[in-house]
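What follows is a short report on a single structure.
The values are calculated or read from the model by the stated rules, or taken from the named source; none is laboratory data. Here the structure is a predicted model, which means the values were calculated and not measured. Here the Cβ positions follow ideal geometry from the backbone for every residue, glycine too, while neighbour counts run over all protein chains shown. Calculation scope for accessible area: heavy atoms of the full protein, side chains included, ligands and nucleic acids excluded. Shrake-Rupley method; radii C 1.70, N 1.55, O 1.52, S 1.80 Å.
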Amino acid sequence: MAYSEQVLDHYENPRNVGKMDETDAHVGTGMVGAPACGDVMRLQIKVNDAGIIEDAKFKTYGCGSAIASSSLVTEWMKGMTLDQAGEIRNSNISEELALPPVKIHCSVLAEDAIKAAIVNYKSKQ
Amino acid sequence: MDISQDFFSCYGLSRDFAIDLDGLRQAHRHLQQQHHPDRFVSQPDSDQRQAVQITAYLNQAYATLIEPLKRGIYLLQLHGMDPLVPTNTSMPLDFLLQQIEQQERLEDMHQAQDPETEMDTMAFELQTQASQLETEFAQAYSSAQFEAAETAVRKLQFIVKLQQQLNTLEGVLLD
């Protein structure tokens with residue numbers, strides 16, 4: 001199966017790979033895993049006092065599509081409000097990356113990671 | 001032979017996680033010989049086709065039951081569950097943290113001073129984890145706690161993937 005150019009771009013040059021301090025009250029951490037492929041994803045957001053996501057980082061252990069999905073959403077989320085980020089759907093991700101049907105679950109993983117990060121951030125406020 | 005029956009029934013096994021593996025191997029060999037397509041070359045086309053179908057069914061049945069992970073997934077599927085449904089991405093947090101640690105360990109293996117020993121240690125730990133999860137699954141399944149059984153088999157899927165990654169890495173680093 002061939003990866004799309006968009007996937008390859010994010011896979012070869014992933015944006016925002018890294019880790020933030022989980023204990024920071026401004027940081028929300030979302031962790032999810034897909035048993036079907038054994039992929040694990042950690043997504044973190046840093047939210048300022050105005051409720052805007054000013055930074056996002058991820059670390060994904062998985063296939064190219066899972067890495068590309070998380071890389072893409074970290075770019076998208078910067079500058080968004082929590083509500084806007086919470087509206088990102090896996091279909092937006094899979095369309096942007098032209099994911100084939102067998103890889104849709106990678107975009108589901110990214111959507112769920114965003115939600116989990118937001119829930120974690122809110123639980124700290 | 002009825003190829004619409006479940007894989008346990010075709011070998012005369014009861015539908016359980018703990019199965020007699022030697023018994024399975026013997027029963028499989030026996031059925032495989034009995035239905036081998038080579039035995040039907042002088043028979044009508046329909047018999048030959050049937051032998052091929054039965055052989056394909058037996059291969060799938062054996063491959064499913066011989067592997068603990070596949071056997072566990074199959075048992076839950078017979079129960080109407082789908083433990084690997086891609087839309088369920090929530091796993092216990094401590095388990096995911098452990099997964100990330102283990103993935104980082106694999107990544108760092110390239111810089112290890114003694115990768116062979118490190119990889120042996122990790123292989124042993126993964127095998128221990130896998131055995132524990134198999135025990136957890138067996139206990140949960142036999143006491144009809146299907147959700148606990150599902151959690152155990154979902155975790156086992158991650159461990160088996162790590163084992164495969166470690167095997168691949170061993171091939172790369174030790175050659």
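What to note about this one:
- When the surface is traced with a 1.4 Å probe over the full set of protein chains, A:Tyr61 keeps roughly 20 Å² accessible.
- Contact order, relative form, for region B:7-66: 38 percent (alpha carbon pairs under 8 Å, 6 or more residues apart, mean separation divided by residue count).
- Among A:Lys59, A:Lys103, A:Lys46, the largest mean-square fluctuation in a Gaussian network model of chain A (Cα springs under 10 Å) belongs to A:Lys103.
- Principal-axis tilt of helix B:115-142 within chain B, Cα atoms, nearest 10 degrees: 60 degrees
- Ordered by solvent-accessible area of protein heavy atoms (1.4 Å probe), largest first, the residues B:Thr168, A:Thr74, A:Thr81 come out as B:Thr168, A:Thr81, A:Thr74.
- Residue among B:Ala123, B:Ala112, B:Ala138 with the largest mean-square fluctuation in a Gaussian network model of chain B, springs linking Cα atoms under 10 Å: B:Ala112
- Using only side-chain charges placed at the Cβ, +1 for Lys and Arg and -1 for Asp and Glu, the dipole size of chain A relative to its Cα centre rounds to 300 debye.
- Computed Kirkwood radius, in angstrom, where 1/r is averaged over Cα pairs of the protein assembly as shown: 21.8 Å
- Charge dipole (debye, nearest 20) of the protein assembly as shown; +1 at Cβ of Lys and Arg, -1 at Cβ of Asp and Glu: 660 debye
- Judged by the ratio a/c of the largest to the smallest principal axis of the C-alpha gyration tensor, region A:1-116 counts as prolate, that ratio being 1.5 or greater while a/b is larger than b/c.
- In whole percents, the pair-distance distribution calculated for region B:93-174 from its alpha-carbon pairs, binned every 10 Å from zero, is 17, 45, 25, 11, 2.
- Across chain B, the mean sequence separation of Cα contacts (distance under 8 Å, 6 or more residues apart), normalised by length, yields a relative contact order of 21 percent.
- When chain B is treated as a Gaussian network with alpha carbon springs shorter than 10 Å, the biggest mean-square fluctuation among B:Thr55, B:Thr87, B:Thr121 belongs to B:Thr87.
- C-alpha long axis of helix B:93-108 to longest principal axis of chain B, angle in °: 80 degrees
- Whole-Å semi-axes of the ellipsoid equivalent to region B:7-66 (Cα gyration tensor, √5λ, descending): 25, 10, 8
- Taking only the C-alpha atoms of chain B, Rg followed by Dmax gives 20.0, 64 Å.
- Mean ellipticity per residue at 222 nm, deg cm²/dmol - from DSSP H runs of n ≥ 4 across the protein assembly as shown, formula -39500 (n - 2.57): -19500 deg cm²/dmol
- Greater than 24 Å apart at Cα, pairs in A:Lys103/B:Lys70; A:Lys78/A:Lys124; A:Lys19/A:Lys115; A:Lys124/B:Lys161; A:Lys115/B:Lys70: A:Lys124/B:Lys161; A:Lys115/B:Lys70
- Using alpha-carbon coordinates, inclination of helix B:21-34 to the longest axis of chain B, degrees: 40 degrees
- For region A:2-88, the list of GluC sites (Glu not before Pro) that fall in a loop by DSSP and count at most 15 other C-beta atoms within 10 angstrom reads A:Glu22, A:Glu87.
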